[in-house]
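Reviewing the structure listed below.
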């Protein structure tokens, strides 16, 4: 922390302004700290709409009965749990680089149905063509190398399998943008402070969203990684985007 006499120009940079391993470590620290109240904050911030987004993710993943899915950046396991509830006899693997998030997930009602694993999205510890589907929620905004993360997902996915990405996206430049930006940069950090005591975490999350790639830019990166039939749909006043694509046969 800066000394009280330090001028504003020398204060520490925000997490969303960091890069490389320094950013990765800072993001890991954020998610470790907010793990106990992560699910509650998601419900409140999204007015409960995050549950519908997860259902949409699983519908686009097209996991076959008895299939195997990998949910990267699984956190407390919400997307993996959705798959377990909707796909008969699915094997759900939940991978994350923040162990405390998964500790919280293990204690939830379906926690024992998920195969939890510590994993780096840039170096997945799985063989080629291991999964029928790969999903992730709020991953790509936080990784330090998006193309590499997408290539790893392509590698572990079976031919004909589906990838589905749920993440934030910058709001459109229209009359609603100032109000959306106000909610994200002022209201969400305030709620985060009240419920978790971690205002900085809920300052980073909105700032990283406002500065993230457009849906078209992310779709282009997915195509460059090898995925075909890439499409997306936006939600919540164009602040959330769900992308999906297929690994060619």
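Some observations on this one:
- Strands (runs of 3 or more DSSP E) completely within region 45-154 that count 1 or more residues being surrounded by fewer than 20 Cβ atoms within 10 Å (Cβ to Cβ) and over 18 Å from the mean Cα position of the chain (by Cα): 68-72, 91-96, 114-118
- Taking the criterion of being under 30 Å from residue 134 (Cβ atoms) and either buried (at least 20 other Cβ atoms within 10 Å of the Cβ) or modelled with pLDDT of 90 or more (or both), the residues of region 189-202 that qualify are 192, 201, 202.
- Taking the listed residues 182, 176, 205, 166, the one that is over 19 Å from residue 36 (Cβ atoms) and crowded, with 21+ Cβ neighbours inside 10 Å is 166, with no other qualifying.
- Some residue of region 217-226 being buried (at least 20 other Cβ atoms within 10 Å of the Cβ), under 15 Å from the mean Cα position of the chain (by Cα) and farther than 16 Å from residue 143 by Cβ: no
The values are calculated or read from the model by the stated rules, or taken from the named source; none is laboratory data. Here the structure is a predicted model, which means the values were calculated and not measured. Note that we place each Cβ from the backbone using ideal geometry, even for glycine, and neighbour counts take in every protein chain shown.
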